[in-house]
Amino acid sequence: MNNEFDPLEAELGALRPVEPSGELAERIGKRLHAERSSVPRKRANGTRSVPTTYYWFALAAVAAALLVAVAIWRGRERTPEVEMPLASPPPLLAFDDALPSVWTYRSALASPAALDQLLDKHARLAPPPGDNEQTRGFGAVTMNQNSHLGGL
Amino acid sequence: MSRLIFAALVPICLLLSPLAQAQIPDSDPHTAGNAALQYWQAFALMPTLDKEQEELVGKWTTVSLDDPQVMKLVENSRTSLMFLHRGAAMANCEWGLKYDDGMGMLMPHMSRARDLARLAALRGRYEFERGNWKVGRNDAQAIVTLGRHVGREPVLIARLVGLLIEDLAIDLTAPYLLEHKAPYPQAMAMFEALPPAATLSQTILVEKKYMCQWAIDTLKKEEKGKAGAGLELWKKFIDGAKDADALAKMDKFDEILKRMEEVVPVYDELAGIAALPKPEFDARYPKFREQAKGANPVVGLLLPAIDQVLAKDHRHKARFALLFAAIAVAQDGPAKLKEIKDPYGDGPFEYKALDKGFELKSKLLFEGQPVTLVAGAGKKE
């Protein structure tokens, strides 16, 4: 910090703002007038009219919505045509008598006892319905959790 | 600016609103859905049976209903049976079978459907014994409908399991006919309103398209993928077959394929014969089968034993006819039989009074014995 009187400071202190020219004032006036005319005028009831540009935006939004609708509709129409890569069972699976395949059941066509035995076998091979051990997600629902139902 | 956002959102919301509404489930009990989805919920909620309980369910016609194990089983089946009834209230049933899998097509619902029907029969008997006729009758009706829904798939084994399930309803209802006196017209109307099962001719044509043709295509595909693999697969087909020795002599892949392709038109002929009235079928089928097998050993391997399926079909029809006749007798007495014709004879069913209830006999023979029905022997005093 310098406490001595600086000549530059004295020079700057002597400077005074110059009055704006008449030409500048006229240009500013014209510009202000032009901007005011672009601002929406108040209607008789006090509301402002919406500029035309906004209507174009709204129209574009409607057009976009229609495009979305057409896309959804066409997408639905086309769904059955899409061939998903489905896995087919290997042919040998048909001969696995642990599985309830058409081939396995053919052997039981002749005898009701054989059919009953096969149905018993496949019923036993099915996972037990009560076995709800869960390895992912939020775990199995227990009676305690059920008791909270309706608590809200 | 808020007007702009509003103007843009309104059409989008209007367009999306039907999609949002489609996600809200209908709270009304609808009957237009897929019954199979209800049945699968019933299967999932069936009680897990240990060996002893399995035996109890298997012997549902004779087990003591005072046995605490049986009572527990009936109690534990209630939720599952609720879904059985929901499914039975629906006309449509799509099991979602993948016919393109041919003989490898899996039908895991069949064993479950049979077990569910047995549980329903046990509960039905339990209710009949307590005089809850309406609950018991509803169980019987749900069992028959489940049987029809299983048998609607045009696959021979599905048809047989369907018949087996429907037979449970006959076994459940017949012993209690004298007590609950189901009105004959109402019972007939219920039967006639049941969803139709696939016809035998339909199942034969499905066998041709999806089973025989699948076997041919699969053998070709295997052989194309690796030389000799088709022949290896063929050995799987003939493993355990009746004419395995004769079939094993065919060891050239091209010959096997040619023989298999020759079987395809035989299915059409078989479908025609299966549609004939019983006397004509009985007269024509043995000769047809003998000739077809004599000309081509692969016929015996691929063509299903239609005569055995048809015999079970006729027995089932006769049993239902006997049941309705028994309902009429329980309501109006044996004299009513004069108005009801045995579909497998020239006159009415034979009637025999028993110490408890009565027996009706059809002229139809199954495995050498006349098909009979004992009615009114059930309720304990």
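Each value in this text was obtained by applying a stated rule to the coordinates, not by laboratory testing. Please read these numbers as outputs of a predicted model, since none were measured by experiment. Please note: Cβ atoms are built from the backbone with ideal geometry, for glycine as well, and neighbour counts cover all protein chains shown.
For a modelled paramagnetic label at residue B:64, 7 Å from Cα along Cα-to-Cβ, the residues of the range B:115-153 in reach, with backbone nitrogen under 20 Å, are B:122-131. Report, by chain and number, residues whose modeled amide H sits under 5 Å from the one on residue B:366, excluding near sequence neighbours (fewer than 5 apart, same chain). Residues meeting the amide H criterion: B:371. Stretching the chain fully between residue B:72 and residue B:332 yields a gain of 89.8 nm (0.36 nm per residue, less the alpha carbon separation).
For the peptide B:152-160, the mean number of other protein chain Cβ atoms found within 10 angstrom of a residue's Cβ is 3. Rounded, prolate or oblate: pick one for chain B, where a ≥ b ≥ c are the square roots of the eigenvalues of its C-alpha gyration tensor, a/c under 1.5 means rounded, and failing that, prolate if a/b is larger than b/c, else oblate. Note, shape of chain B comes out oblate.
Converting phi to 3J(HN,Hα) with the Karplus coefficients 6.51, -1.76 and 1.60 and the offset θ = phi - 60°, the range B:33-48 yields x, 9, 4, 4, 5, 6, 4, 5, 5, 4, 4, 5, 9, 5, x, 6 Hz in sequence order, with x at every glycine or proline.
Could you put B:319, A:106 in order, starting from the residue whose Cβ has the fewest other Cβ atoms within 10 Å? Don't skip to the end; give the middle numbers.
On the way: B:319 22, A:106 19.
Least to most surrounded, the residues fall as A:106, B:319.
Work out the FRET efficiency for residue A:98 and residue A:66 from their Cβ-Cβ distance, taking R0 = 51 Å, and round it to the nearest 0.05. Don't skip to the answer; put the middle values down first.
On the way: r = 55 Å, r/R0 = 1.09.
Step by step, r from the Cβ atoms, then E = 0.40.
When you count, for each residue, the other Cβ atoms within 10 Å and take the mean per peptide, how do B:340-348, B:164-172 rank with the highest first? Don't skip to the answer; put the middle values down first.
Working: B:340-348: 15.2, B:164-172: 22.6.
My ranking of the peptides, most packed first, is B:164-172, B:340-348.
The calculated 222 nm mean residue ellipticity attributable to helices in chain B amounts to -20000 deg cm²/dmol, summing -39500 (n - 2.57) over DSSP H runs of n ≥ 4 and dividing by all residues. 3J(HN,Hα) couplings calculated from phi for the range B:234-242 with the Karplus curve 6.51 cos²θ - 1.76 cosθ + 1.60 (θ = phi - 60°) are, in sequence order, 4, 4, 5, 5, 8, 4, x, 6, 4 Hz; Gly and Pro show x. Sequence neighbours fewer than 8 away in the same chain don't count; with that in mind, list the lysines whose C-alpha is under 29 Å from residue B:220. Within the straight-line cut-off, residue B:220 pairs with B:98, B:208, B:209, B:235, B:236, B:242, B:249, B:252, B:258, B:293. Principal axis analysis of the Cα atoms in the range B:35-198 yields extents of 48, 41, 22 Å, listed in decreasing size.
Across the range B:89-195, the relative contact order, built from alpha-carbon pairs under 8 Å that are at least six residues apart, equals 24 percent.
May I ask you to derive the FRET efficiency for residue B:356 and residue A:87 from their Cβ-Cβ distance with R0 = 60 Å, giving the value to the nearest 0.05? Step by step, r from the Cβ atoms, then E = 0.55.
Between the alpha-carbon centres of the range B:325-339 and the range A:87-116 there is a gap of 43 Å.
In order along the range A:103-113, phi translates into HN-Hα couplings of 4, 4, 6, 4, 5, 9, 4, 7, 10, x, 5 Hz, rounded to whole numbers, per the Karplus curve 6.51 cos²θ - 1.76 cosθ + 1.60 with θ = phi - 60° and x for Gly and Pro.
Within a 10 angstrom radius of each residue's Cβ in A:89-97, how many Cβ atoms of other chains show up on average? Whole number is fine.
Details: counts 6, 3, 15, 5, 4, 13, 7, 1, 1.
Average neighbour count from other chains, rounded to a whole number: 6.
Here r is the Cβ-Cβ distance between residue B:264 and residue B:91 and R0 is 41 Å; the resulting FRET efficiency, rounded to 0.05, is 0.75.
Inside 10 Å of the C-beta atoms of A:114-123, what's the mean count of C-beta atoms belonging to other chains?
Going residue by residue through A:114-123 and averaging, the value is 5.
Placing pseudo-labels 7 Å out from each Cα toward the beta carbon at residue A:10 and residue B:231 gives an inter-label distance of 12.1 nm. Spin-label model, residue B:179 to residue B:290: label points 7 Å out along the Cα-to-beta-carbon direction sit 5.2 nm apart.
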